[in-house]
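Q: First, the structure itself, so that you have it in front of you.
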Amino acid sequence: MKRTDYLKQLKERLEFLELVIDNIYNGVIITDSTGKILYFNKPYGQFLGINAKDQIGKDVRDVIENTRMHIVAKTGIPELNKAHKIKGQDMVVQRIPIKKDGRVIGVFGQVMFKNVTDVTTLANELSLLESKIKLYEEELVSLRSTRYTLDSIAGVSKSIVELKNEAIKAAGTNFPILITGESGTGKEIFAQAIHNLSDRRAYPFVRINCSAIPKELLEMELFGYEKGAFTGAREEGKYGKFELAHRGTIFLDEIGDMPLEMQPKLLRVLEEKEIEKIGGKAPKKVDFRLIAASNQNMEELVASGKFRKDLFYRINVIRLHIPPLRERREDIIPIAKAFLNSVEEEGLKKRFSINPRAEDILKEYQWSGNVRELVNVLSRIVCFIDREEILPLDIPAYIRNANNENSTNNTNLTLGSLTENIEKEEIERALINTNNNKTKAAKILGIHRTHLYKKIKKYGIK
């Protein structure tokens, strides 16, 4: 290669490197081992209000106040992400020694952030991401049990079919939804199903129970707080549920229990789509879809002054009411079978079925605890039976007896007949569990085998 060509290429490379350094957003300075400035980029000069090229050859201490570039040149120890005050402004800088053959031949300095507020902004963004990651981790852990779609809602009754259709329509909007119904009817399942049908499904579904958190802490949970907002506050502050639900859905369960003094603040958030943290200096915009739920009569709460009328109108744009299980008895067995299928999928390796007589008992019971009570009863049954068919005797006695009381209108049922019913069912259970072995059954029941034969004959057990 000719010398002229080599010099041309070298010049082009130097010009390119200068362009790179001059186009770095923040300030860059390079000195030799004595502190003499070898390079000073344009952004740094603009920030300091001086001509960058005029600084070449000057001692760094004459150009930058409080500099430590010359100290790093002597020690050879890098200084990373250090605070540096220039012109009364706190900045974050790096000073990196440049070495050749183990000897410092220069120092590279860079302003990472021109103002510490930039660091605060970045820290806040990272903290928010960390909070969201924790939320996603919690969601993943509980995914199988809490991530519901409309397919998760079993039922064939007219009311449930209509509710599903209404949920599909509601999911296509961003209007607030109020879901009402007795405890255990599945309000949160509907809320999650709506979220998963909506265009917000890729973003968080954040839940909070308004009755489970003391009123002194509810504002903190909903809106979060800034660093140092009060004694004992976390150093990094806290992000509230509304901020974590940004672009997703926030589910306020038991909203009827929200303290009266908190309701105006919630109303403002719904109207302005802005939150203001405890100790915050300025409001922050948030984008969320609200779904609220209550097992109380909201109209009565409004009439008694326990719930603000204006807030009620704001949350009651779309109303979904889930009837209790006793008013839709045709859904009891489909719900029970859906649960038993889920038990099989979760690894019990049994395909449970329900005896027709047992189905009748389940359908006749009042289920004051609704779907939650039904699932609780079935969970206990499948936990203890060794066979795959659920028989009447497997159903708890209080349910069977309650049905007997209903069928006799509480007039013909005596203490003696109740005792006989229970005794008969216990004998049947023992015989089934021992494959009709009378000796083993009598031992389980704690009676003599001859006594057992008399009882079998008395109750007509086959």
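The values are calculated or read from the model by the stated rules, or taken from the named source; none is laboratory data. The model shown is predicted, which means the values in this text are computed figures rather than measured ones. Ideal geometry is used to build each Cβ from the backbone, glycine not excepted, and the neighbour counts take in all protein chains shown. Remember, those area values only see protein heavy atoms, side chains included, never the ligands or the DNA or RNA. Shrake-Rupley method; radii C 1.70, N 1.55, O 1.52, S 1.80 Å.
Q: Find, among the trypsin sites (Lys or Arg not before Pro) in region 17-93, those assigned to loop by DSSP (not H, G, I, E, B) with at most 11 other beta-carbon atoms within 10 angstrom.
A: Those that pass, being in a loop and sparsely packed, are 87.
Q: Per 0.36 nm of contour for each residue apart, how much would the distance between residue 87 and residue 376 grow if the chain were fully extended, relative to their Cα-Cα spacing?
A: That pair, residue 87 and residue 376, stretches by 97.2 nm at full extension.
Q: Given Cα pairs under 8 Å that are at least 6 residues apart, what percent is the relative contact order of the chain?
A: 11
Q: A further question follows. Taking the Cα centre of the chain as origin and charging only Cβ (+1 Lys, Arg; -1 Asp, Glu), how large is the dipole, in debye to the nearest 20?
A: 1200
Q: Does region 179-309 come out rounded, prolate or oblate, given a ≥ b ≥ c as the square roots of the eigenvalues of its C-alpha gyration tensor, rounded meaning a/c under 1.5 and, failing that, prolate meaning a/b above b/c?
A: oblate
Q: Determine the distance separating the Cα centre of region 166-205 from the Cα centre of region 232-269; give it in Å without decimals.
A: The two parts, judged by their Cα centres, are 18 Å apart.
Q: I want to check the label-to-label distance for residue 161 and residue 423. Put each point 7 Å from Cα in the C-beta direction and report it in nm to one decimal.
A: The answer from the label model is 4.8 nm.
Q: So, with a 1.4 angstrom probe, what is the percent of accessible area on region 209-365 that is carbon and sulfur?
A: Heavy-atom surface of region 209-365 belonging to carbon and sulfur, 1.4 Å probe: 47 percent.
Q: Let me ask something else about it. How do the peptides 451-459, 236-244 rank, highest first, by the average count of neighbouring beta carbon atoms within 10 Å per residue?
A: The packing order, highest mean first, is 236-244, 451-459.
Q: Also, I was wondering about something else. I'd like to check one number: the per residue accessible area of region 232-281, probe 1.4 Å, reported in Å² as a whole number.
A: About 43 Å² of surface per residue is accessible.
Q: Short version: ³J(HN,Hα) in whole Hz for each residue of region 187-198, in order, from phi by Karplus 6.51 cos²θ - 1.76 cosθ + 1.60 (θ = phi - 60°), x for Gly and Pro, what are they?
A: Once rounded to whole Hz, the list reads 5, 5, 4, 5, 4, 5, 4, 5, 4, 6, 8, 8.
Q: Sticking with this structure for a sec: From the C-alpha gyration tensor of region 24-69, pull out the three semi-axes of the equivalent ellipsoid (sqrt of 5λ each), sorted largest to smallest, in whole Å.
A: 16, 10, 10
Q: Follow-up. What ³J(HN,Hα) values, in whole Hz, does the Karplus curve 6.51 cos²θ - 1.76 cosθ + 1.60 give for region 366-374 when θ = phi - 60°, with x put for Gly and Pro?
A: Along region 366-374, the couplings run 7, 6, 5, x, 6, 4, 4, 5, 4 Hz.
Q: Could you work out how much longer the chain between residue 169 and residue 13 gets when fully extended? Use 0.36 nm per residue separation minus the Cα distance between them, nm to one decimal.
A: Separation in residues times 0.36 nm, less the Cα-Cα distance, equals 49.9 nm.
Q: Let me ask another. Counting heavy atoms of the protein chains only and a 1.4 Å probe, report the per residue accessible area for region 40-87 as a whole number of Å².
A: Using a 1.4 Å probe on heavy atoms only, each residue of region 40-87 averages 60 Å².
Q: Equivalent ellipsoid semi-axes for the chain, as square roots of 5 times the alpha carbon gyration tensor eigenvalues: give them largest first, rounded to whole Å.
A: For the chain, the ellipsoid semi-axes come out as 73, 29, 20 Å.
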